[in-house]
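K.L.:
The structure follows.
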Amino acid sequence: MKYSPAQYARIFSSFLEKTPKSRRKKAVKQFVEMMNENGDLKNESEIVYAIEKVLYEESKSLKVEVAEAKNHNLNMPKKIGHKQTFIKKEVDGSLIGGVKIKIGDMIIDNSIQSRIKNLKEAVK
């Protein structure tokens, strides 16, 4: 890998900031071509994750991912602290019940499976 995902994220952010909105689509295409020339497209998921992280930090916002067994129409906060939240909700068929919440890099696992696992460990 020519650049680390964090370096690519900083390059992308700078690239985007300097590009007028009307030319951003072309700029993103050029960025992807650069990654390809560097042989780094195979690491695109790590790079995209790093870019997302940088862009959320720069915009002072948080990405919140909620996975639940069934859609419960939970009321999610529009802000956490002083940060705007962008919420992605999904139904996860692998969950028996409960919820998993990911806020940035932090994961809160309050699923039934996690609770059973914690109980088993506690009684050992």
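K.L.:
Of the residues Leu74, Leu62, Leu41, which is more than 30 Å from Lys117 (Cα to Cα) and among the aliphatic types (A, V, I, L, M)? Talk me through it step by step, then tell me what you get.
P.N.:
On the way: Leu74 fails: more than 30 Å from Lys117 (Cα to Cα); Leu62 fails: more than 30 Å from Lys117 (Cα to Cα).
Testing whether each residue is more than 30 Å from Lys117 (Cα to Cα) and among the aliphatic types (A, V, I, L, M) leaves just Leu41.
K.L.:
Please enumerate the residues belonging to segment 53-67 that are in contact (Cβ under 8 Å) with a residue 40 or more places away in the chain and among the charged types (D, E, K, R).
P.N.:
Within segment 53-67, Lys53, Glu58, Lys63 qualify.
Matching residues to (1) of a type in the set (A, V, I, L, M, F, W, C); (2) assigned by TED's automatic domain parsing to the domain that holds Ser94; (3) not in a loop (DSSP other than H, G, I, E, B):
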| site | (1), (2), (3) |
| --- | --- |
| Ser14 | no, no, yes |
| Glu17 | no, no, yes |
| Gln30 | no, no, yes |
| Met35 | yes, no, yes |
| Glu44 | no, no, yes |
| Lys70 | no, yes, no |
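K.L.:
Right, here's the next one. Which members of segment 27-62 meet the condition of being of a type in the set (A, V, I, L, M, F, W, C) and within 16 Å of the chain's Cα centre (by Cα)?
P.N.:
First, pick out the residues of segment 27-62 that are of a type in the set (A, V, I, L, M, F, W, C): 27-28, 31-32, 34-35, 41, 47-48, 50-51, 54-55, 62.
Once the filter is applied, which keeps residues that are of a type in the set (A, V, I, L, M, F, W, C) and within 16 Å of the chain's Cα centre (by Cα), segment 27-62 yields Ile47, Val48, Ala50, Ile51, Val54, Leu55, Leu62.
K.L.:
In segment 60-92, how many are exposed (fewer than 15 other Cβ atoms within 10 Å of the Cβ), at pLDDT 90 or above and over 22 Å from Tyr49 (Cβ atoms)?
P.N.:
Total satisfying the criteria: 1.
K.L.:
All but one of (1) among the polar types (S, T, N, Q); (2) within 27 Å of Glu90 (Cβ to Cβ); (3) outside the structural domain of Ile112 (by TED's automatic domain parsing) hold for Asn75; which doesn't?
P.N.:
(3)
K.L.:
For segment 1-29, which positions are under 12 Å from Glu46 (Cα atoms) and among the aromatic types (Phe, Trp, Tyr)?
P.N.:
As a first pass, look at segment 1-29 and keep what is under 12 Å from Glu46 (Cα atoms): 1, 3-9.
Across segment 1-29, the qualifying residues are Tyr3, Tyr8.
The values are calculated or read from the model by the stated rules, or taken from the named source; none is laboratory data. Quick caveat: nothing in here was measured; it's all calculated off a predicted structure. Positions of Cβ are generated from backbone atoms using ideal geometry, with glycine treated the same way; all protein chains shown enter the neighbour counts.
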